[in-house]
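Let me begin by presenting the structure, written as structure tokens, before commenting on it.
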Amino acid sequence: MNKNPAKIRYIYSTASDTRLQTAHGIWGGINAQGEIEINFYHESDALPAFSEQLVTPDGSIGHEITPEEEEQRAVNRHVHSRVLLNYHTACALREWLEEQINALEEEDAPAVYGSDSSVAQ
């Protein structure tokens with residue numbers, strides 16, 4: 001006879017190299033294996049290839065000059081995390097996100113600092 005346990009305890013640990021990442025957006029889609037691929041990125045203004053400062057005849061430093069065109073703005077999108085989700089995990093993530101968004105949208109919702117929840121498939 002197969003007796004199932006009354007409960008399962010999940011113990012969480014964090015790798016020493018775990019970092020908190022900011023995501024300004026995502027890019028991805030369904031890959032060739034039928035998984036959903038999500039690439040999280042953050043954006044920042046692109047650094048110029050170089051900059052220069054003029055030196056005035058008296059030896060003081062003038063304003064900084066960059067070779068960038070003022071009509072065009074370059075933005076870097078740095079992909080910092082790539083996540084592959086199977087169908088069941090993607091559905092669980094969708095449900096979890098909907099719960100979190102609904103909690104944020106409640107008019108009389110108290111501050112949710114320290115809200116503890118997880119996504120399971």
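Derivation of every value follows stated rules applied to the coordinates shown; laboratory data play no part. Since the model is a prediction, treat every value here as computed from it, not as a measurement. Positions of Cβ are backbone-derived with ideal geometry, glycine not excepted, and every protein chain shown enters the neighbour counts.
Looking at the square roots a ≥ b ≥ c of the eigenvalues of the Cα gyration tensor of segment 33-108, which shape do they give, rounded for a/c under 1.5, prolate if a/b is larger than b/c, or oblate? Prolate, because a/c is 1.5 or more and a/b exceeds b/c. Here the gap between Asn31 and Val55, fully extended at 0.36 nm per residue and compared with their Cα-Cα distance, gives a gain of 3.2 nm. Packing here is the average count of other Cβ atoms within 10 Å per residue, and on that basis the peptides 83-95, 20-32, 2-14, highest first, run 83-95, 20-32, 2-14.
Available extension along the chain between Glu43 and Met1 is 9.5 nm, counting 0.36 nm per residue and deducting the alpha carbon span. Net length available on complete extension from Glu99 to Ile11 is 29.4 nm, with 0.36 nm assigned per residue and the Cα-Cα distance removed. A crude spin-label estimate for the pair Arg82 and Arg19, with each label 7 Å from Cα along the Cβ direction, gives 1.7 nm.
In terms of its C-alpha gyration tensor, segment 1-67 comes out prolate, because a/c is 1.5 or above and the ratio a/b outweighs b/c.
Annotation: the residues Glu43, Glu98, Glu35, sorted from fewest to most other C-beta atoms within 10 Å of their own C-beta, follow the order Glu98, Glu43, Glu35.
Exposure proxy check: Glu52, Glu105 ranked by fewest other beta carbons within 10 Å? Intermediate values should be presented prior to the final figure.
Details: Glu52 12, Glu105 8.
By the 10 Å Cβ count, ascending, the order reads Glu105, Glu52.
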